[in-house]
Each structure stands twice: as C-alpha cells, then as structure tokens.
Amino acid sequence: MITINHLSKTFTNPDGTKLQVLKDINCEISKGEVISIIGPSGTGKSTLLRAFNMLDAPTSGEIIIDGENILAKGYPLNKLRQKVGMVFQSFNLFEHLSILDNITMVPLLLRNITKQEAEEEAMTLLRKVGLAEKAHAMPSDLSGGQKQRVAIARCLAMHPEVILFDEPTSALDPTMVGEVLSVIRQLAKEGMTMLIVTHEMKFARDVSTRIFFMYDGYIHEDGTPQQIFENPVHSATKAFVQRIHKLVYEVENSDFDLLGMHTGMAQFCIKYNIAQKYEAVDVIVDQMLQQVLPGYRPITVRLTHSEQLEVTALDFMIRDLTESPIAPADREKLSTIKYPFSLVEEPTKLGFRIKVVL
Ligand code: ADP
Ligand code: MG
C-alpha cells in the first residue's frame, strides 16, 4: 500500500551549515499495519512523519501510496491531506471553533458533503472517542486527553488511508495517557493503518504489528515487537530498548583522577535511581583498581545500568590479555566484600573483561 524509497531530508541552517537528518529511508507498509517508530530524540522521527505529510518537503526520494508518488511535482496537496491524516503532540485544534466545527470544517471544504451529513458523521466519531456530550463545547473547556481524542476524531472525519501520530501522549498529564492510547488501540483493532512515534514502550509492544527503530538518519532496525524488544540485532537498538545507560573511564596510569571518577559514578547512581547501589560500586571499584588489578594499566572501567532489566554492572577491560588477571589470593579478598555481586570473566575481541554484576 505504501512504499518509501530512498527518502532523505537535509536542513540548511540560517548560517548555511547543513544537517542531514534523514539519510536513506526505505520501507514497505501494508494496509492495516500498525507501526511504532521508536528511537532516541533527535533521530528524525518527527521529520519522517512531516516529510510523509509534506509539512516539510523531503530533499529526495519517493513515497508511493496506491501506486502514485505523492512527492512528484504537481501531486495535489489536498488529495495528500485526505489520504494521510496527522495527529500532533500539541493537538492543534482551532481554539475559536466549537468541537463540532473543529471536526466538520475541513471535510466541508474538501469532501463533497452537506453540513448535515458532516455533522452527523462528526457526532458518530465523537461518540466513538467518547466525547459526544462535548460537541458544543470549546477546546478551552476540554482537558488535554479530551482535546487529543477530538484531534483523532477530526482526523478520522477525512477518511484517511493512513494516520500518522507524533508522540500523541507526550504533552499529556500521566492520568490522561490511557484514554488516548485506548482510542488508538481501538483503531488498530478496526484495521486502521497507522504510524505512531511514541515513547510508550509497553503500548508500542502491545499494539504494533511492526516496530521501526530510528537511529542516525536510518531505519536502523525493523522487526516485530518481539524481535525488537527481546532479540534486537543491533547494539544501538538493544541499548535503547533496555534503556541502558553507561559511564566510561580510561584509567591510563597512577595520575588518573580517581576522586573525579567516584563523583561521576555517584552522580550516575543518583540520576538513575540506584543510589542504594553506590556504596557497592565505590567499594568494588577501589578494590579492583587498587588491590586486584594495580599492575594493569591502562584499564577501561565502565559502569552500566539497564532500567528495563534493573541490572547494574561494572566492567573492567584490559587490552591484549587472554586470561583472567585475578589471582587466587585476590579471589579471596573479593569474597570478603559485604555486597552481593557475581563475577563473569571472559575474553573479548580486544582483550579480557571482568564483569561485576551488582
Ligand atoms: P525526533 O522527532 O526524532 O526527536 P526530529 O525529527 O524532530 O527528531 O529532529 C531531528 C533533527 O533535525 C534534530 O537535530 C533537529 O534539531 C533537526 N531539525 C528538525 N527540524 C528542523 C528544522 N526545521 N530546521 C533545522 N533543523 C531541524
Ligand atoms: Mg519528535
């Protein structure tokens, strides 16, 4: 139904510098698919949706819907707007129009229907999103969640073939996220084709037929929710879905600023809500660097924490080493540490890694 070929978008800043946000986007989307687009911020997710809807014309490439390239010169914008609906983070309702008029305005202009037909259909859609009683209210009378449900009804009033959602719940108070997601879930059940940029991972996992992980201007990984969340192929995808945070230090020699490293690690633990683990991190780093591995420099120390898996680990990596540097006597020293941890010792491509899992 939809094919995107070699889509790219480069922004030119006022000072003349260029930023290529979309590098080479290719995908095929079938009717009825629900695709969640996930990825770190700044990776072009909004730009992709805006290119799709010609809110920002792409630099090159094709978007083919029903056999027609909507980016071709002369393709009527009105026709595009009918085929492709968009729901924004900030609702974008017309503040001076009633809810009913917000929904009927564009269909009255673009679809060949009477006012009565438009209003009847608008009422049906308002019922569908649970807001029939608000038909004559003004947007300012509604909560954020209600406004977003109106925005969805307004989009449906155009009978789009595909709806694009750009973080539809991220401007909402947390109590209102659910009511909007449940409307989107309902549309998915009815077979609506949708592309949804979202940070709601649980929702993305439940509702989607496919997930696109955007990274570095590409669809870096494309797969079923199960693949992407349980068996990601690429390390960037894994880091994102498991919400892995990391802090890395290269301890070159004895001049290294150990106090600075301890401070950095303390801040990391506070930031990711694992302050209770900081003492263990502190003791283990000292023990390893000063008692167990004093003769091994340079050494790379890496602190990682996965919010998803709730696992914190300290890695000590030594280059060009093939066997564990931990002597039997050191093992005993480590066993007296009063915090629970497990030790994984393994050779890597570059050397040897000791992983201490807290
Ligand atoms: P995401 O939605 O994934 O967070 P965006 O698509 O909003 O990312 O933005 C990707 C990059 O493009 C960012 O670095 C952003 O600053 C830049 N960008 C977005 N819109 C414009 C614009 N109109 N002009 C210049 N740069 C832009
Ligand atoms: Mg965005």
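The values are calculated or read from the model by the stated rules, or taken from the named source; none is laboratory data. Predicted, not measured: the structure shown is a model, and the values here were computed from it. Glycine also receives a Cβ, built like all others from the backbone with ideal geometry; neighbour counts cover every protein chain displayed. Note: accessible area is taken over every heavy atom of the protein model, side chains too, but ligands, DNA and RNA are not part of it. Shrake-Rupley method; radii C 1.70, N 1.55, O 1.52, S 1.80 Å.
Quick look at the numbers
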| quantity | calculated |
| --- | --- |
| C-alpha long axis of helix 115-128 to longest principal axis of the chain, angle in ° | 30 |
| Three-way shape call for region 299-358 based on the alpha-carbon gyration tensor, with the a/c threshold at 1.5 | oblate |
| Isotropically averaged projected area of region 57-204, using the convex hull of Cα atoms (one quarter of hull area), nm² | 9.8 |
| Unit Cα scatterers, Debye sum, region 36-101: log10 I(q)/I(0) for q = 0.14, 0.15, 0.16, 0.20 Å⁻¹ | -0.55, -0.62, -0.69, -0.94 |
| Of V251, V180, V150, the one that fluctuates the most in a GNM where the chain has Cα springs shorter than 10 Å | V251 |
| Between helix 258-271 and the chain: long-axis angle, C-alpha atoms, 0 to 90°, nearest 10 | 30 |
| Quotient of Cα Rg and 2.2 N^0.38 Å for region 1-136, N being how many residues it contains | 1.26 |
| Region 175-187 - phi-based ³J(HN,Hα) in whole Hz, Karplus 6.51/-1.76/1.60, Gly and Pro as x | 5, 9, 5, x, 5, 6, 4, 5, 5, 5, 4, 4, 4 |
| Rounded, prolate or oblate (a/c below 1.5 giving rounded, otherwise prolate when a/b exceeds b/c) for region 160-273 by Cα gyration tensor | prolate |
| Percent accessible area from carbon and sulfur atoms, the chain, protein chains only, probe 1.4 Å | 50 |
| Exceeding the 30 Å Cα-Cα cut-off - candidates K23/K79; K73/K202; K83/K189; K128/K202; K189/K246; K18/K73 | K73/K202; K189/K246 |
| Charge context of F213, other residues only, Cβ under 14 angstrom, K/R +1, D/E -1 | +1 |
| Net charge over other residues, Cβ less than 14 angstrom from the Cβ of Y75 (K, R count +1; D, E count -1) | +1 |
| Beta bridges per DSSP with both ends in the chain, % antiparallel, nearest 5 | 75 |
| Value of relative contact order over the chain, rounded to a whole percent, pairs C-alpha under 8 Å and six or more apart | 15 |
| Heavy-atom accessible area per residue - the chain, 1.4 Å, Å² | 49 |
| Global form of region 228-316, assessed from the alpha-carbon gyration tensor, a/c cut-off 1.5 | prolate |
| Distribution of pairwise C-alpha distances over region 114-194, 10 Å bins, in % | 17, 52, 28, 2 |
| The chain - Rg and Dmax from Cα coordinates, angstrom | 26.4, 88 |
| Net charge contributed by nearby residues that have their C-beta within less than 12 Å of I113 (K/R +1, D/E -1) | -2 |
| Mean residue ellipticity (222 nm) of the chain, computed from DSSP H runs ≥ 4 via -39,500 (n - 2.57), nearest 500 | -10000 deg cm²/dmol |
| With Cα atoms, 0 to 90° folded angle of helix 99-110 axis to the chain main axis | 70 |
